[in-house]
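The values are calculated or read from the model by the stated rules, or taken from the named source; none is laboratory data. Computed from a predicted structure; not experimentally measured. Positions of Cβ are backbone-derived with ideal geometry, glycine not excepted, and every protein chain shown enters the neighbour counts.
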Amino acid sequence: MSKLTYYIGLDDTDHIEMGCTTIQINNFLNFIKKNININVKELRLVRLWPFANRRTRGNAALSSIIVISKSDNELFLRLSKNWFNDLLFEVSQYPSADISASPALIISQSKLPVDIYYDTVTGHVDRDKRINEIEKFDCTIFSSDDKFGLIGASAAIAWTPNDNSTWELISWRDDSMIGKTRILDVSKINNLDSIHPNTFMNRDPTKNKGLIAPRTPCPVLYGIRGISPIDVEKAHIWLQSDQRYEQCIDFKIFKTNQLSDDHVTPSWGSVISRSTTVQGAHSFISVYSDKKNLTLVAFQEGGPVNTLLRYLMPGDIVCWTGLCSPMDNSIHLEKLLLFDSVPRISHRPICCSKSMKSTGNNQILKCVKCGNKSDKYWISQKRIILDFKNINGWTEPSPSNRRHLSMPLDFEIPTLDNLIS
Ligand SMILES: [Zn+2]
């Protein structure tokens, strides 16, 4: 029997009151499965440019690779159209004064070029340009009239995973529970890292805060991130094993681009100003990089990144990753490293365990205890900054203040060995 492979992309189905694209792709595949045999090869959750205008909180798009019989093709496309029209109707029940959902479903026989993904994860994409790009391929496109969802849906298909790609198991709540407090076993969540060491980003130890459950009234019960599908599923079974806690209605495991750092390119430059801090908030610094003056911003939530930024002095050489804000072109820092520092003046020479004191303008230094005299000078230090506590001097925010796309400094790229063990 002859087979057809399809790449499915779905995006922009969710808004504040309703839904989540993760459950929509699951609904779509379940709906198709009820009618024809499909083999779901993979599900993918693809995070996109965090500054996109139309983003929802995590700015994720979804894709799947499926195989069907050629003989079912016509029925499959008809069912897809019906399902999508029902989704459009559902979405139309929740008009928004702000930004309404603009769903798009792409059913493609071709894998779209990976540039489409990189353009969408690193910056703004013009909708009409994107539509022209994907129309060259053998795609069936369903979308709302304004077609914005096509940007994310095409990027989700175009993303190409690699050996370092991570996984997330997403579990969903029973409809009757949506909007109510999630009843989760906090002690188990706190022990996820130690009992299931191949899962990660489960909690923020600096804030003693769990990170697996959303704080919004969406249908997601929790998401468990990890290095392999087996690891996240084991952790999920363990979390669900106690009936006193909320049971999910369904779950799926997605391959993701989370922790890939695909959205940023490391850069370096020379500091040309001291930092300024907006009262109690973020700090700025100017750097000269690649023949341009740039402004780097560290938010207060950036913790160690903010601390390091405020320590910098003109002449220091820094390396960073961060995103250029479309609002003012400042770079919102994600990671920061002091690569080489200019000397910092620290104190006068020491005598009798104390700093010697100046005896006046153009005068010598004198020890206040023994009266020893000395030429006037400063002791300066060229510090290698290892006291910012992070790996090789790199700093990053605590886990709850990092983007889904950001690779943590201590992230070990999974190798075949630890996948087997
Ligand atoms: Zn002395």
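Data table
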quantity: Residue in region 348-372 that is nearest to the ligand (Cβ to nearest atom), counting only those that are among the polar types (S, T, N, Q) and in a loop (DSSP other than H, G, I, E, B); calculated: Asn372
quantity: Qualifying residue in region 226-243 (condition: within 28 Å of Gly123 (Cα to Cα) and surrounded by 15 or more Cβ atoms within 10 Å (Cβ to Cβ)); calculated: yes
quantity: Set Ile68, Ile8: member being modelled with pLDDT of 95 or more and either out of contact with any helix residue (DSSP H, G or I) (no Cβ under 6 Å at 6 or more places or on another chain) or surrounded by fewer than 17 Cβ atoms within 10 Å (Cβ to Cβ) (or both); calculated: Ile8
quantity: Residue in region 335-342 that is within 16 Å of the ligand (Cβ to nearest atom) and not in a loop (DSSP other than H, G, I, E, B) present; calculated: no
quantity: Qualifying positions in region 57-97 - charged (D, E, K, R) and in contact (Cβ under 8 Å) with a residue 60 or more places away in the chain; calculated: Arg57, Lys70, Lys81, Glu90
quantity: Sole exception among (1) at positive phi; (2) part of a helix (DSSP H, G or I); (3) not aromatic (Phe, Trp, Tyr) for Asp128, by number; calculated: (1)
quantity: Candidate set from region 230-281 (those that are outside any loop (DSSP other than H, G, I, E, B) and small (Gly, Ala, Ser)); member that is nearest to Asn27 (Cα to Cα); calculated: Ala235
quantity: Residue ID - farthest from Arg215 (Cα to Cα), chosen from residues in region 160-197 that are crowded, with 19+ Cβ neighbours inside 10 Å and in contact (Cβ under 8 Å) with a residue 60 or more places away in the chain; calculated: Thr166
quantity: Residue among Leu87, Leu77 that is crowded, with 18+ Cβ neighbours inside 10 Å and of a type outside the set (Gly, Ala, Ser); calculated: Leu87
quantity: Test: residue in region 361-369 that is farther than 19 Å from Asp316 by Cβ, at pLDDT below 90, surrounded by fewer than 16 Cβ atoms within 10 Å (Cβ to Cβ) and among the β-branched types (Val, Ile, Thr); calculated: no
quantity: Pairs with Cβ under 6 Å, 6+ apart, first in region 235-263 and in contact (Cβ under 8 Å) with a residue 12 or more places away in the chain, second among the hydroxyl-bearing types (Ser, Thr, Tyr); calculated: Ala235/Thr199; Cys248/Ser171; Phe251/Ser171; Lys255/Ser165; Thr256/Thr166; Gln258/Thr166; Leu259/Thr166; His263/Thr122
quantity: Unmet criterion (only one of (1) assigned to a loop (DSSP other than H, G, I, E, B); (2) at pLDDT 90 or above) for Asn190; calculated: (1)
